[in-house]
1. Any chance you could list the semi-axes, whole Å, largest first, of the equivalent ellipsoid that the Cα gyration tensor gives for the stretch 90-200, using √(5λ)?
2. Counting only Cα, what are the radius of gyration and maximum Cα-Cα distance Dmax of the chain, in Å?
3. Between the stretch 67-114 and the stretch 145-223, what is the C-alpha centre distance in whole Å?
4. Counting only protein heavy atoms, what percent of the accessible surface of the chain is carbon or sulfur at a 1.4 Å probe?
5. Can you give the helix-only mean residue ellipticity at 222 nm for the chain, where every DSSP H stretch with n ≥ 4 adds -39500 (n - 2.57) and the sum goes over all residues, rounded to the nearest 500 deg cm²/dmol?
6. Which longest uninterrupted range of the chain lacks any chymotrypsin sites (Phe, Trp or Tyr not before Pro) assigned by DSSP to a loop state (not H, G, I, E or B) and surrounded by at most 11 other Cβ atoms within 10 Å?
7. What list of ³J(HN,Hα) couplings, whole Hz, do you get for the stretch 64-80 from phi and the Karplus terms 6.51, -1.76, 1.60, once you set θ to phi - 60° and write x for glycine and proline?
8. Tell me, in nm to one decimal, what length is gained between Y76 and T173 on full extension, where the rule is 0.36 nm per residue of separation less the Cα-Cα distance?
Amino acid sequence: MKAGSPVPVGLSGPNQEALARGFPNLEQHIANVKAYGVPVVVAINAFKDDPSSELEWLRQQACKAGAAEAAVSTHYAEGGKGAEDLARAVIRAAAHPSSFSHLYELSWPTTKKIETIAMRMYGASRVFFEPQAERDIDLARQLGYDTLPVCMAKTPLSLSHDPALKGRPTGYTLPIKEVRLLAGAGFLTAVCSGIQLMPGLPKKPAGERIGLDPQTSQTVGLA
């Protein structure tokens, strides 16, 4: 769906079937957080046209899937008052026992760290490292940066690298096209194929509207 285009009818009204089809995606996110050994709180961002029956179904299913708490939040419409139930849920979840642990050991090879993320977090069955990625990983090792943690750069539209793979995809191959060393920030970034990193400029960047008024010497176009 492109920005500015009308919202499909199926997304603007009751649609229990679509909600059920999409729920596995949330299940994976709950499992991902639980993998770190901490309790999960699901915030259900509700809007005025969302049926209460669907919201309650989603809340119950989230708890069945392993969330410690799940609460409907209407902060968009009601501000802080609309988030009170969610705040109480967070307080209750904070009282649960937890034993945080990292997903991988920093001493592991970079390829194993990336494979662990891909398979446990994203549902991939294997990872394919393109030649450039292999060279990048080898260079980081030579420079002594192979013990850095890994940041993944991929589409936000899917658990996978492919925006078209919806829900909870499994059994696919995650391609890594390069691994960028960001020594100052303290991590390696594994760039999935098909993703464009920042800066991602719009068709008409805001900078095109900014200028200097020759009469007043004031900057214009910032608003």
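The values are calculated or read from the model by the stated rules, or taken from the named source; none is laboratory data. Remember, it's a predicted structure, so these values are computed and weren't measured experimentally. A quick note on method: Cβ atoms are made from the backbone with ideal geometry, for glycine too, and the neighbour counts reach across all protein chains shown. The area values use the complete protein model at the heavy-atom level, side chains included, leaving out ligands, DNA and RNA. Shrake-Rupley method; radii C 1.70, N 1.55, O 1.52, S 1.80 Å.
1. Working: eigenvalues 116, 82, 38 Å².
Ellipsoid semi-axes (Å, largest first): 24, 20, 14.
2. When restricted to the Cα atoms of the chain, Rg and Dmax are 21.9, 66 Å.
3. That distance is 24 Å.
4. On the way: 7990 of 14050 Å².
Carbon and sulfur together cover 57 percent of it.
5. Values: 7 runs with 75 residues, N = 223.
Calculated at 222 nm, the ellipticity per residue is -10000 deg cm²/dmol.
6. Numbers: sites that count: F47, F100.
No qualifying site falls inside 101-223, the longest such stretch.
7. Karplus values, whole Hz, x for Gly and Pro: 5, 7, x, 6, 5, 8, 8, 9, 7, 10, 10, 4, 4, 8, 10, x, x.
8. Gain on stretching Y76 to T173: 31.1 nm.
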